[in-house]
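Here's the structure, in structure tokens; my notes come after.
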Amino acid sequence: MGILGKLWRGELPLYITFWFFGMIIGTVVSICVTKFAIQSETTTDPSRILWLLIALLYTGLMCVALWRSANNYEGAPIWSISARFYSAILFMSFVSFAVDLIKLL
């Protein structure tokens, strides 16, 4: 699994985990979920369920990846603490996506 395995284990540098996977890829996922899942709130279209599932899995991955990467970070403590704080906020999004998905099923 290469890069995803390293991401999951927190072996990638914190700045790559946060900025590339968290912000850039996370923004793309967020835009797609907003476009295809949240805006079509009145339907139980299978694509809506798929996009919510993708959001749930990606958010869960990023919660774990950021937390573990922050644990391995050896620089200024403020960045490690900030990444863990952001990971906690992501966990709230994870719970929200899980609730939305359960409502649809």
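Values in this text are rule-based calculations from the coordinates and carry no lab data. The structure presented is a predicted model; accordingly, all values stated were derived computationally and were not measured. Using ideal geometry, Cβ is built from the backbone for each residue, glycine included, and neighbour counts are taken over all protein chains shown.
Along its three principal axes, how long is segment 56-105 when you only count alpha carbons? Whole Å, largest extent first please.
Per principal axis, max minus min of the Cα coordinates gives 44, 13, 9 Å.
In the Gaussian network model of the chain, springs joining C-alpha atoms below 10 Å, which of 26, 60, 75 carries the largest mean-square fluctuation?
75
What distance in nm separates the two pseudo spin-label positions at residue 32 and residue 72, each 7 Å out from Cα along the beta-carbon direction?
The two pseudo-label positions are separated by 2.5 nm.
Quick one: length gained pulling residue 1 to residue 99 fully straight, 0.36 nm per residue minus the C-alpha distance?
This chain segment gains 32.4 nm when fully extended.
Only Cα pairs within less than 10 Å get springs; with that Gaussian network setup on the chain, which residue of 47, 87, 30 has the largest fluctuation?
47
Give me the percent relative contact order of the chain, please, defined on Cα pairs under 8 angstrom at least 6 residues apart.
Relative CO of the chain lands at 35 percent.
Among 50, 90, 66, which one shows the highest mean-square fluctuation when the chain is modelled as a Gaussian network with alpha-carbon springs under 10 Å?
50
In deg cm²/dmol and to the nearest 500, what is the mean residue ellipticity at 222 nm of the chain if only DSSP H runs of at least 4 residues count, each as -39500 (n - 2.57), divided by the residue total?
-23000 deg cm²/dmol
Compute, for the chain, the length of the dipole vector about the Cα centre, with Cβ point charges of +1 (Lys, Arg) and -1 (Asp, Glu) only. Units Debye, rounded to 20.
Result for the chain is approximately 100 debye, rounded to the nearest 20.
Calculate the translational D of the chain in whole µm² s⁻¹ from Stokes-Einstein, where the hydrodynamic radius comes from the Kirkwood formula applied to all Cα pairs, the temperature is 37 °C and the viscosity 0.692 mPa s.
230
On a 0 to 90° scale, report how tilted helix 77-104 is relative to the longest principal axis of the chain, with both axes built from alpha carbons and the result rounded to the nearest 10.
Helix 77-104 sits roughly 20 degrees off the main axis of the chain.
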